[in-house]
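The values are calculated or read from the model by the stated rules, or taken from the named source; none is laboratory data. Keep in mind the model is a prediction, meaning the values are calculated, not measured. Cβ: placed from backbone, ideal geometry, glycine included. Neighbour counts: every protein chain shown.
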Amino acid sequence: MRTASAGRLALSALLASSLGACAVSGSGVVKATPSTSPFAIVSPTPPTITPPTNLVRPGTITFLSDTTYPPQESIDPGTQQAVGFDIDIAQAIAAKMGLAATIQKTDSPQIVGALLAKKGDAIISALQITPDLERQVALVAYFRAGQAILVRKGNPSGIGGLTDLCGKNVSVQVQSPEENTVDEANGGVCKGNAIKKHVYPTDLQAVLILKQRGVDAALDDSPVAAYFVKQTPDQLDLAGGPFKTNPEGIAIDPKNGDVLKAVQQAMLAIYQDGSYRQILTKWNLLDGEIPVSQIVVSPSPTTS
């Protein structure tokens, strides 16, 4: 889920920060202590959109985010502040309303439940827009990404695409679209020669085990995979091109119409004034730009 330059993080520092308090159990599953520390990001930009009044914390939009996913969101080990493409988008959206953006660290498996329990005003955490997600929350699209296969430098297993993963050891983050992809392949193209799935609590841990030669490949979001290769080109390669590309969205409780309207208006505003493209360029993610016509509200079917 993330990246940086003046904010571009060294991969080793990221891994040390993310994994320093983790312990590996005998089953190979890495356990980490969850964190819920909020990070407030303040901008002096004058408001151009009426801010919602029913916010979790007055004066700020609280964005829930699993900050273990560079280049989209991660914690800078030097400052302990959240950084990344998603973080900059959150800040820009909040600024259009004359508000601060607070980033509340929330683990991915709990993030939708936390939003609906009013622990935050919105989620920005590289959420792929899927039919299942649309049944739970309202969404404002802001980016487009796919999945990619990461392998060790030189691609020693000769992996070129999804079918080449049949019979191989592959790491994924728990409850991620990539885990779903492995399950689908095992019921389809890899039936009879199943992918050996290794599931980890965070994306960083799934990639670390690949570097440590514990698996043959890791499945990841395409921008994240490109980030890891760029940061450690002597250790990792991409195998084939992205697949299953689809939009990512900012999630909002469908009952919270004021926040939903304001976020959509702010997203359109940063697109129109050019700051959206500037943020994409900063994080080397122009390939993920979506046209303005796709920045639309996708309300939950449960909306009354």
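Annotations
- Residue in the stretch 86-108 that is out of contact with any strand residue (DSSP E or B) (no Cβ under 7 Å at 6 or more places or on another chain), of a type in the set (Ser, Thr, Tyr) and either buried (at least 24 other Cβ atoms within 10 Å of the Cβ) or not in a helix (DSSP H, G or I) (or both) present: no
- Matching option when the condition is farther than 22 Å from Ile61 by Cβ, crowded, with 16+ Cβ neighbours inside 10 Å and of a type in the set (Phe, Trp, Tyr), among Tyr271, Tyr200: Tyr200
- Of residues in the stretch 176-201 being in contact with a strand residue (DSSP E or B) (Cβ under 8 Å, 6 or more places away or on another chain), charged (D, E, K, R) and not in a helix (DSSP H, G or I), the one nearest to Leu127 (Cα to Cα): Lys197
- Subset of the stretch 254-275 (residues that are touching a strand residue (DSSP E or B) at 6+ places or on another chain (Cβ under 7 Å) and either farther than 14 Å from Ala90 by Cβ or of a type in the set (S, T, N, Q) (or both)): Pro254, Leu260, Gln264
- Residues in the stretch 170-197 that are among the polar types (S, T, N, Q) and buried (at least 18 other Cβ atoms within 10 Å of the Cβ): Ser171, Gln173, Ser176, Thr181, Asn186.
- Scanning the stretch 155-169 for residues that are touching a strand residue (DSSP E or B) at 6+ places or on another chain (Cβ under 7 Å) and farther than 16 Å from Gly188 by Cβ yields Asn155, Ser157, Ile159, Gly160, Asn169.
- Gln147 vs. criteria assigned to a loop (DSSP other than H, G, I, E, B), modelled with pLDDT under 95 and within 30 Å of Ala266 (Cβ to Cβ): no
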